[in-house]
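Reviewing the structure listed below.
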Amino acid sequence: MEVPPPLVLKRHLYVPSKTLMGPGPSNCSHRVLEAMSNPVLGHMHPECLQIMDEVKEGIKYIFQTLNDATMCISGAGHSGMEAALCNLIQDGDVVLMGITGVWGHRAGDMARRYGAEVHYVEASFGRALSWEELTFAFEAHRPQVFFIAQGDSSTGVIQQNIREIGELCRKYDCFLVVDTVASLGGTEFLMDEWKVDVAYTGSQKTLGGPAGITPISFSKRALTHIRKRKTKPKVYYFDILLIGQYWGCYGTPRIYHHTISSTLLYGLREALAHFCALGLKAVVRRHQECSKRLQLGIEELGLEMFVQREEERLPTVNTIKVPFGVDWKKVAEYAMRKYSVEISGGLGPTVEHVFRIGLMGENATVERVDMVLSILNEAIQSIKLKAVKTERSKI
Ligand code: GLV
């Protein structure tokens, strides 16, 4: 039997233009898209290695770190989570997961696969973890690794006190892993000052780069621990001693580990260059101002934010309660069909309960905030009206 070439691939590639106001990816700028149309380079070519060095400098700036072990994992944000846990965890290690939404559970699933004994400390629904919850869990479990998402994109909750958590981890001789995939650029993050051992972020959120290449950094303390492991990290692809050697992190000759996508590197390099030119503080301020404007608009529309405490709201992914009797999916479909604008529904524990509106990178502007508010309102009113008409037609 011969399998014929598929007919669908005879058609031209079709990609519609959409405004991505969900939890990410955000829209890439023209600068990023143009960069990605440059010629492909070999993964060991000096020009490619030079771009990797430039990307490393950009990552050190956005994380505010001087860590040598700063690089990218070739993979989506999830690969940062995998790499952090895979390198730190050895069989039988006690790992504590901070839960403010779905990401702590996802990390727990991964950690168990790497051989950890996993415990959870869970915040009340829609809340950040309290100091009492944290200290009680540390005392009860005495973890070797603690994981927390600074911003959980499923609930829109931000965990503000990473600095204090850093101190707590040192007190218990524990490594601190912070997922900043959805938060970096939307709120302050000071990796070295806050004693964070591993941090990773999403290239496709506030940075506005392409997905599939994940900035990550390991502290000197974490690196020393990884070098002293009794067994090698369980996944070759995530071994940061090998990846870091390819990225030229350790002052040793660069060796081939995997074939990096030069195309994604160009995109990330330009996204970082833009971010650095704007300046970290200005980027954070803009994201926060946009979120405040959105929150105000939501109130004016008679809608309600899901996270009750203002100081616990993540500026980048805003969660809004779905009004009673409204089908969130129909609202999202309306926005996409009529305006090609993505408004997302909930994830994990917030499915069906919230809309998620992302204000990230290119989409964190006053104009986009006003646009998405007006579309959300129009969509909800239209869906409500349709529901009333359907009810009436039954009478
Ligand atoms: C992805 O990050 C999501 O929150 O859906």
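If you go through the stretch 165-180 one residue at a time, do you hit one that is open to solvent by less than 10 Å² (accessible area, probe 1.4 Å), touching a helix residue (DSSP H, G or I) at 6+ places or on another chain (Cβ under 9 Å), within 16 Å of the ligand (Cβ to nearest atom) and on the phi > 0 side of the Ramachandran plot?
no
Of all residues being surrounded by fewer than 22 Cβ atoms within 10 Å (Cβ to Cβ) and out of contact with any Cys (no Cβ under 8 Å at 6 or more places or on another chain) in the stretch 195-218, which is nearest to Cys72 (Cα to Cα)? Just the residue, please.
That would be Gly212.
Residues in the stretch 326-382 that are within 16 Å of the ligand (Cβ to nearest atom), surrounded by 20 or more Cβ atoms within 10 Å (Cβ to Cβ) and among the β-branched types (Val, Ile, Thr): how many?
Qualifying residue count, the stretch 326-382: 4.
What number of residues within the stretch 181-194 are within 16 Å of Arg313 (Cβ to Cβ), outside any strand (DSSP E or B) and either away from the ligand (no atom under 16 Å from the Cβ) or open to solvent by 10 Å² or more (accessible area, probe 1.4 Å) (or both)?
1
What's the total number of residues in the stretch 219-274 that are assigned to a helix (DSSP H, G or I) and open to solvent by less than 10 Å² (accessible area, probe 1.4 Å)?
Residues meeting the conditions: 12.
Determine whether Gly202 is part of a loop (DSSP other than H, G, I, E, B) and either closer than 24 Å to Arg286 by Cα or free of Cβ contacts under 8 Å to residues at least 12 places away in the same chain (or both).
yes
Quick check on the stretch 337-355. Is at least one of its residues in a helix (DSSP H, G or I) and more than 27 Å from the chain's Cα centre (by Cα)?
Scanning the stretch 337-355 turns up at least one residue that is in a helix (DSSP H, G or I) and more than 27 Å from the chain's Cα centre (by Cα).
Condition (residue is over 30 Å from Arg31 (Cα atoms) and not assigned by TED's automatic domain parsing to the domain that holds Ser183) applied to the stretch 370-377: is it met by at least one residue?
yes
From the list Gln245, Gln204, Gln288, exactly one residue is assigned by TED's automatic domain parsing to the domain that holds Ile357 and modelled with pLDDT of 95 or more. Which is it?
That would be Gln288, the only listed residue that is assigned by TED's automatic domain parsing to the domain that holds Ile357 and modelled with pLDDT of 95 or more.
Specify the residue that is surrounded by the fewest Cβ atoms within 10 Å (Cβ to Cβ); the eligible residues are those in the stretch 82-110 that are under 17 Å from Val181 (Cβ atoms) and of a type in the set (A, V, I, L, M).
Checking each candidate, the answer is Val102.
Does Leu303 qualify as being in contact with a Pro (Cβ under 8 Å, 6 or more places away or on another chain) and modelled with pLDDT of 95 or more?
It is true that Leu303 is in contact with a Pro (Cβ under 8 Å, 6 or more places away or on another chain) and modelled with pLDDT of 95 or more.
Residues in the stretch 1-21 that are open to solvent by 90 Å² or more (accessible area, probe 1.4 Å) and touching a residue at least 24 places away in the same chain (Cβ under 8 Å): how many?
1
Are any of the residues in the stretch 305-317 touching a helix residue (DSSP H, G or I) at 6+ places or on another chain (Cβ under 8 Å), assigned to a strand (DSSP E or B) and either hydrophobic (A, V, I, L, M, F, W, C) or within 16 Å of the ligand (Cβ to nearest atom) (or both)?
Checking the stretch 305-317: at least one residue is touching a helix residue (DSSP H, G or I) at 6+ places or on another chain (Cβ under 8 Å), assigned to a strand (DSSP E or B) and either hydrophobic (A, V, I, L, M, F, W, C) or within 16 Å of the ligand (Cβ to nearest atom) (or both).
Kindly check whether there is at least one residue in the stretch 133-150 that is out of contact with any strand residue (DSSP E or B) (no Cβ under 6 Å at 6 or more places or on another chain), hydrophobic (A, V, I, L, M, F, W, C), assigned to a loop (DSSP other than H, G, I, E, B) and open to solvent by 20 Å² or more (accessible area, probe 1.4 Å).
no
The values are calculated or read from the model by the stated rules, or taken from the named source; none is laboratory data. A quick note: this is a predicted structure, and the numbers were derived from the prediction, not measured. All Cβ positions, glycine included, derive from the backbone under ideal geometry; neighbour counts span all protein chains shown. Only protein heavy atoms, including side chains, enter the accessible area calculation; ligands, DNA and RNA are left aside. Shrake-Rupley method; radii C 1.70, N 1.55, O 1.52, S 1.80 Å.
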